[in-house]
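Student: This is the structure I want to talk about, given as structure tokens.
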Number of protein chains: 2
Amino acid sequence: MANLASNTPTDQALAPVGSAAETDPRVLGWMQGAPPPADKLIRFGDGSHLLFPQLRWSLSHFGELVPSKTISRGAMPAAPLPRQERDDLDGVRFCPIGSAQSMNWADSLPANYTDGIVVLHRGRIVFERYLGALQPQRSHLAFSVTKSFVGLLAASMVHERSLDENAPVSHYVPELKASAFGDATVRQLLDMITGLQYREDYTDPNAEVWAHSRAGGLLPRPADYAGPQSFYAFLQTVQKLGAHGQGFMYKTINTDALGWVLRRISGQSLADMLSERIWSRLGCEQDASILVDSEGTEFGGGGLCTSLRDLARFGDMLRNGGEACGRQVVPTAVLEDIRRGANREHFKMGGYVTLPGWSYRNMWWVSHNAHGAFMARGIHGQAIYIDPKAEMTIARYASHHIAGNMGIDPQSLPAYHAMALQLMR
Amino acid sequence: MANLASNTPTDQALAPVGSAAETDPRVLGWMQGAPPPADKLIRFGDGSHLLFPQLRWSLSHFGELVPSKTISRGAMPAAPLPRQERDDLDGVRFCPIGSAQSMNWADSLPANYTDGIVVLHRGRIVFERYLGALQPQRSHLAFSVTKSFVGLLAASMVHERSLDENAPVSHYVPELKASAFGDATVRQLLDMITGLQYREDYTDPNAEVWAHSRAGGLLPRPADYAGPQSFYAFLQTVQKLGAHGQGFMYKTINTDALGWVLRRISGQSLADMLSERIWSRLGCEQDASILVDSEGTEFGGGGLCTSLRDLARFGDMLRNGGEACGRQVVPTAVLEDIRRGANREHFKMGGYVTLPGWSYRNMWWVSHNAHGAFMARGIHGQAIYIDPKAEMTIARYASHHIAGNMGIDPQSLPAYHAMALQLMR
């Protein structure tokens, strides 16, 4: 299971796995046939949906494995994404982090197990490609990119003063009072500077991340399972480790606790908030959806599924100062707050060697580079990369065998920046 | 559990239940709160999603309870549904079957636990109303209306000669050879004139319909469950009862077996066939979806979920001779075949006292009335009612407490016909 961006290099990085071409789900024939033969079957019940290379299929078919709630695109016609594809982009060259040898853009896509990627420049599609199970009209699981949507909702409510960022979480959700979240502030959740007894180490079968997934119905449960039955029940069991406010420690459950706060304040589901405030205002082509647990609670830390182009529309709205279809969707002040970033000393404690000088604000990853780039990031290489100076937005879905961006960044971050420079020429 | 139109009056019809207003899911507060209080929680795991009045919520939220596969609306812009609402329709009067007292249209809607209804006249919306948990942008479970979609696919493939209606099912699906389906012809499935040991009596806990639902993951399984693990596995266990071709016996598993044939021939999922051949050609507003079992096999007998307006678009394409958005979607010959209907003597054996003189062809219900009306029907009152002479299409979603149209027809069929007469004035 892999439900968030991890900073822990895992054994997976070292194990030999097939290349993107060798693990192309269409080539391997996953879930083809009526019924698929036993060795081509991917099921939730045996956990095979989260093994590699099966997840190259699963991430584009997650709604077929786990129930989900619709995030309506509303009734607005789809906003056209003008197309001006360029033939000079496949050859864009960059030097991967830690490598002496340069690489070109086209080769980086399979190297990073890309399922689909769209590059927008000044709102026009200059590059679009699909390589795996993903297709333009299909959805892909965004995993931790979800967090940036939830962070945006929360930051908007702080801006509107319907949410007090300095209030303790227990002020809004008394049920969390006895947990580690009780005396954390909303702001500490938003910037993930909490002290929580919770490990997201996928190499450790005893890490709490697995218990969280089982509670939320993202992993099958053993027959004698006696753990929490829902995300909410799990959150109430989380214990404190150290003090809040000391430094950045990336933990998915911050977002799930924040989601609880938002639902309590608004009286709405995350899905309805996301639809009303964002998804129905972008001229999306498709409804989005978000995975739910057995009580209907959305997985705010990683359950969003969208089409790639719609993800690009969302990113480009932010690149465009929060405006889409002639309307302000996200307040400019919220965007400015994200772009200013957070405490970079705090961020260092997270140990992200591929992200020197970055920070994490409102659940967005802020590069503080000369272009003011900022990102949403998911564990298998899902990404929104926004480069305001280059007027570029990249939306990418991937199903990398490494569950953690530290193994993925070396071939993607420099590629994104090189693309930006090319587009600025 | 109620997954098909039944001809069996059930105890539910006799038990006292609340009125539509009293059981309005918004009033009862189902699934409201974060989390909902225990007595407002509807879960798949305890089967509460299929109890009344909970199903008044569930039928508009089924994707949140069971995994489903997307039926893409494609990339075409939504086709406008022009609106010309009339104020003379609420008062349309009719006499319910078996009643001496007349009733008006407006009163019939709550009397029938209608969640939403759209009436199109010559392609324009003349009436649209939402009364329960359904909203214009949300999906509702169509239950057996699904069958008419699958029947339409199959009849189209027969027309194209890619499917031989006279071939035995085992010719296409050898896995069914030893089952009751083995020596049934495709045509016998399509018109449901098979002899199958399978009861759809919801009052009998031992009826095979429950085993089918458990196999397909539509009902929770007991801890010691040792039955079939999928729809396909279940179909292979079905035994013959009597001979095929003797008369009409409405049994959902005919459609599921037919779905297997269609997948085998096409190499596609039902969802992809439905999208490519139908849903992407109507100018739909929303993706549709279809529930799947643990192996990803769609519930062809009843798993379709659509928005109401899109269901109306589909119905009106058929009313319009199979044409939509300037293109022939369904061959005229297929529509003519449906409208001619099937053997009405065969139909009598089904025992549908509210449908005298009707027949069942290609999984459509054919009235043989003076208007040539034909229908798709779902067990809790879901319906598409097409009246070619009146140039009228009605799409209706409902969550009636009676699991069977015999209890619903008395207040809906005469209402539909009275509406047709009013529109023809």
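Student: If we keep just the residues of segment A:289-307 that are within 13 Å of chain B (Cβ to nearest Cβ) and hydrophobic (A, V, I, L, M, F, W, C), which is farthest from residue A:231 (Cα to Cα)? Spell out the reasoning first.
Tutor: The first filter runs over segment A:289-307 and keeps only residues within 13 Å of chain B (Cβ to nearest Cβ), leaving A:289-300, A:303, A:305-307.
Okay, now just the ones that are also hydrophobic (A, V, I, L, M, F, W, C), so A:290-292, A:299, A:305.
On the way: A:290: 14, A:291: 12, A:292: 9, A:299: 8, A:305: 18 Å.
Looking at residues that are within 13 Å of chain B (Cβ to nearest Cβ) and hydrophobic (A, V, I, L, M, F, W, C), I get A:305.
Student: Between A:390, A:383, which is surrounded by fewer than 24 Cβ atoms within 10 Å (Cβ to Cβ), small (Gly, Ala, Ser) and within 21 Å of residue A:124 (Cβ to Cβ)?
Tutor: Sole residue among the options that is surrounded by fewer than 24 Cβ atoms within 10 Å (Cβ to Cβ), small (Gly, Ala, Ser) and within 21 Å of residue A:124 (Cβ to Cβ): A:390.
Student: When the residues of segment B:218-267 are narrowed to those that are charged (D, E, K, R) and more than 21 Å from the chain's Cα centre (by Cα), which ends up nearest to residue B:50 (Cα to Cα)?
Tutor: B:221
Student: Being farther than 30 Å from residue B:64 by Cβ, surrounded by 20 or more Cβ atoms within 10 Å (Cβ to Cβ) and not acidic (Asp, Glu) narrows it down to one of B:176, B:152, B:134, B:109, so name that one. If you could, list the steps in order and put the result at the bottom.
Tutor: Values: B:152 fails: farther than 30 Å from residue B:64 by Cβ; B:134 fails: farther than 30 Å from residue B:64 by Cβ; B:109 fails: farther than 30 Å from residue B:64 by Cβ.
One residue alone meets the criteria, B:176.
Condition check ((1) under 30 Å from residue B:134 (Cα atoms); (2) among the aliphatic types (A, V, I, L, M); (3) over 19 Å from the mean Cα position of the chain (by Cα)) across all residues:
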residue: A:60; (1), (2), (3): yes, no, no
residue: A:73; (1), (2), (3): yes, no, yes
residue: A:81; (1), (2), (3): no, yes, yes
residue: A:87; (1), (2), (3): no, no, yes
residue: A:90; (1), (2), (3): no, no, yes
residue: A:101; (1), (2), (3): no, no, yes
residue: A:105; (1), (2), (3): no, no, yes
residue: A:111; (1), (2), (3): no, yes, yes
residue: A:133; (1), (2), (3): no, yes, no
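Student: Look at residue A:203 and say whether it is in contact (Cβ under 8 Å) with a residue 24 or more places away in the chain and surrounded by fewer than 17 Cβ atoms within 10 Å (Cβ to Cβ).
Tutor: Yes.
Listed here are the residues, each with its yes/no results for (1) in contact with a strand residue (DSSP E or B) (Cβ under 6 Å, 6 or more places away or on another chain); (2) at pLDDT 95 or above; (3) within 30 Å of residue A:345 (Cα to Cα); (4) of a type outside the set (A, V, I, L, M, F, W, C).
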position: A:116; (1), (2), (3), (4): yes, yes, no, yes
position: A:121; (1), (2), (3), (4): yes, yes, no, yes
position: A:132; (1), (2), (3), (4): yes, no, no, yes
position: A:137; (1), (2), (3), (4): no, no, no, yes
position: A:141; (1), (2), (3), (4): yes, yes, no, no
position: A:152; (1), (2), (3), (4): no, yes, yes, no
position: A:163; (1), (2), (3), (4): no, yes, yes, no
position: A:181; (1), (2), (3), (4): no, yes, yes, no
position: A:196; (1), (2), (3), (4): no, yes, yes, no
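Student: Here is a follow-up. Which strands (runs of 3 or more DSSP E) does segment A:45-149 wholly contain that include 2 or more residues that are more than 10 Å from chain B (Cβ to nearest Cβ) and farther than 26 Å from residue B:141 by Cβ?
Tutor: It comes to A:114-121, A:124-130.
Student: Name every residue in segment A:222-241 that is in a loop (DSSP other than H, G, I, E, B) and either exposed (fewer than 13 other Cβ atoms within 10 Å of the Cβ) or aromatic (Phe, Trp, Tyr) (or both), in order of residue number. So that I can check it myself, show each step before the final result.
Tutor: First pass over segment A:222-241, keeping only residues in a loop (DSSP other than H, G, I, E, B): A:222-230, A:236-239, A:241.
Result: A:222, A:223, A:224, A:225, A:226, A:239.
Student: Has segment B:281-290 got at least one residue that is at pLDDT 95 or above, among the hydroxyl-bearing types (Ser, Thr, Tyr), touching a strand residue (DSSP E or B) at 6+ places or on another chain (Cβ under 9 Å) and surrounded by 24 or more Cβ atoms within 10 Å (Cβ to Cβ)?
Tutor: Looking through segment B:281-290, at least one residue is at pLDDT 95 or above, among the hydroxyl-bearing types (Ser, Thr, Tyr), touching a strand residue (DSSP E or B) at 6+ places or on another chain (Cβ under 9 Å) and surrounded by 24 or more Cβ atoms within 10 Å (Cβ to Cβ).
Student: Let me ask something else. Spot the failing condition for residue A:265; the list is (1) closer than 30 Å to residue B:46 by Cβ; (2) within 14 Å of chain B (Cβ to nearest Cβ); (3) part of a loop (DSSP other than H, G, I, E, B), and only one is missed.
Tutor: (3)
Student: In contact with a helix residue (DSSP H, G or I) (Cβ under 9 Å, 6 or more places away or on another chain) and among the acidic types (Asp, Glu) - does that describe any residue in segment B:24-42?
Tutor: Yes - at least one qualifying residue is present in segment B:24-42.
Student: Go through segment A:227-269 and give me each residue that's closer than 17 Å to residue A:184 by Cα and free of Cβ contacts under 8 Å to residues at least 12 places away in the same chain.
Tutor: Passing the criteria: none in range.
Student: Could you pull out the residue among A:337, A:287 that is of a type in the set (Asp, Glu) and under 24 Å from residue A:73 (Cβ atoms)?
Tutor: A:287
Student: Can I ask one more? State yes or no: is residue A:144 within 19 Å of the chain's Cα centre (by Cα), crowded, with 17+ Cβ neighbours inside 10 Å and of a type in the set (Ser, Thr, Tyr)?
Tutor: Yes: the conditions hold for residue A:144.
Student: Any residue in segment A:318-328 that is closer than 24 Å to residue B:138 by Cβ, within 18 Å of the chain's Cα centre (by Cα), surrounded by 24 or more Cβ atoms within 10 Å (Cβ to Cβ) and modelled with pLDDT of 95 or more?
Tutor: No; the residues of segment A:318-328 include none that is closer than 24 Å to residue B:138 by Cβ, within 18 Å of the chain's Cα centre (by Cα), surrounded by 24 or more Cβ atoms within 10 Å (Cβ to Cβ) and modelled with pLDDT of 95 or more.
Student: Test residue A:275 against the criterion of being part of a helix (DSSP H, G or I), surrounded by 22 or more Cβ atoms within 10 Å (Cβ to Cβ), hydroxyl-bearing (Ser, Thr, Tyr) and touching a residue at least 60 places away in the same chain (Cβ under 8 Å), and give yes or no. Show your work before the answer.
Tutor: On the way: part of a helix (DSSP H, G or I): yes; surrounded by 22 or more Cβ atoms within 10 Å (Cβ to Cβ): yes; hydroxyl-bearing (Ser, Thr, Tyr): yes; touching a residue at least 60 places away in the same chain (Cβ under 8 Å): yes.
So residue A:275 passes the test.
The values are calculated or read from the model by the stated rules, or taken from the named source; none is laboratory data. Every value quoted in this text rests on a predicted model; they were computed, and no experiment measured them. FYI the Cβ positions are ideal-geometry reconstructions off the backbone, even for glycines, and counts take in every protein chain you see.
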